[in-house]
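I have placed the structure first, in the form of structure tokens, so that the comments after it can refer back to it.
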Amino acid sequence: MTRDEALKKIIFALDVDRYEEIEKWASLLSGHVGMFKVGKQLFTASGPAAVRTILDRGIEVFLDLKYHDIPNTVAMAAIEAARLGVTLFNLHALGGYEMMARTREELDKASQSRSTRVLAVTILTSSTEQTLQEVGIERPLQEMVVRLARLAQKAGIDGVVASPQEVGAIREECGTDFLIVTPGVRPVFAGVDDQKRIMTPGEAVKAGADYLVIGRPISAASDPLSACAAIVDEVAAVGA
């Protein structure tokens, strides 16, 4: 694939605690990554203004708040996410079919939501078999991930967030048009941090991932632009 195609697959995790950091990273990384992810830390600190500021810089946003509540509450939150103009946002597949289907139904009614796509979080990349067993889930981890992906697809959700290690199984079960966004991606030059089920960027894309969420390997690098370039080159090489 071309470098431009590879670049668009990179979602930079803007995991910062101050509004002032947005301009720094937007100025530095604009044109070097495809999208910014706004998670709970930045959104709690700065609210919707953080999203609007990034969008005003011409950068797309993945709103990573992982909604999980009663169906009506999640559906109404989803409409507000769409109104913000984000490209992607997510909810927890463990919220169940009714929650996901109601969200899809309400978004389809809202004309401003047509360019916003919904993802369902399957099992967090920090989780292990033991993590699931501690909360009473006895099924094998990969089986659980695929089960949740199937349920999300049945409810009309556009795709899932899943570990790169489950991408192949999800792709086989849910087909090529189902979006797969993968955190837990670590280039060979970066540390593992708190992720458990990881792959390199090239491995994840080769497995079938559409987008890669990458934070600390870029933000903590001594030269973030060089780190971005190395990641883009690796991803581009997959389709070469």
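Among the residues in region 132-144, are any buried (at least 23 other Cβ atoms within 10 Å of the Cβ), out of contact with any Gly (no Cβ under 7 Å at 6 or more places or on another chain) and closer than 25 Å to Ala78 by Cα?
Within region 132-144, not a single residue is buried (at least 23 other Cβ atoms within 10 Å of the Cβ), out of contact with any Gly (no Cβ under 7 Å at 6 or more places or on another chain) and closer than 25 Å to Ala78 by Cα.
Which of the numbered conditions does Val33 fail, given that it passes all the others? Conditions: (1) farther than 28 Å from Leu107 by Cβ; (2) β-branched (Val, Ile, Thr); (3) surrounded by 20 or more Cβ atoms within 10 Å (Cβ to Cβ).
Against the list (1) farther than 28 Å from Leu107 by Cβ; (2) β-branched (Val, Ile, Thr); (3) surrounded by 20 or more Cβ atoms within 10 Å (Cβ to Cβ), Val33 comes up short only on (1).
Out of all the residues in region 128-137, is one or more among the acidic types (Asp, Glu) and either under 21 Å from the mean Cα position of the chain (by Cα) or over 22 Å from Glu173 (Cα atoms) (or both)?
Start the filter on region 128-137 by keeping residues that are among the acidic types (Asp, Glu), which leaves 129, 134.
With the extra rule that they be either under 21 Å from the mean Cα position of the chain (by Cα) or over 22 Å from Glu173 (Cα atoms) (or both), the set shrinks to 134.
Yes, that holds for at least one residue.
Would you be able to tell me the number of residues in region 1-20 that are in a loop (DSSP other than H, G, I, E, B) and hydrophobic (A, V, I, L, M, F, W, C)?
3
Condition check ((1) touching a Phe, Trp or Tyr at 6+ places or on another chain (Cβ under 6 Å); (2) surrounded by 22 or more Cβ atoms within 10 Å (Cβ to Cβ); (3) modelled with pLDDT under 95) across all residues:
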{"site": "Asp108", "(1), (2), (3)": "no, no, yes"}
{"site": "Val118", "(1), (2), (3)": "no, yes, no"}
{"site": "Ala149", "(1), (2), (3)": "no, yes, no"}
{"site": "Gly159", "(1), (2), (3)": "yes, yes, no"}
{"site": "Ser163", "(1), (2), (3)": "no, yes, yes"}
{"site": "Ile180", "(1), (2), (3)": "no, yes, no"}
{"site": "Asp194", "(1), (2), (3)": "no, no, yes"}
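Just to check your reading of the model, which residue among Ala93, Ala101, Ala77 is modelled with pLDDT of 95 or more and crowded, with 20+ Cβ neighbours inside 10 Å?
Working: Ala101 fails: crowded, with 20+ Cβ neighbours inside 10 Å; Ala77 fails: crowded, with 20+ Cβ neighbours inside 10 Å.
Of the residues listed, the single one that is modelled with pLDDT of 95 or more and crowded, with 20+ Cβ neighbours inside 10 Å is Ala93.
The values are calculated or read from the model by the stated rules, or taken from the named source; none is laboratory data. Note that this is a predicted model, so its numbers are computed, not measured. Heads up, the Cβs are rebuilt from the backbone with ideal geometry, glycines too, and the neighbour counts pull from every protein chain shown.
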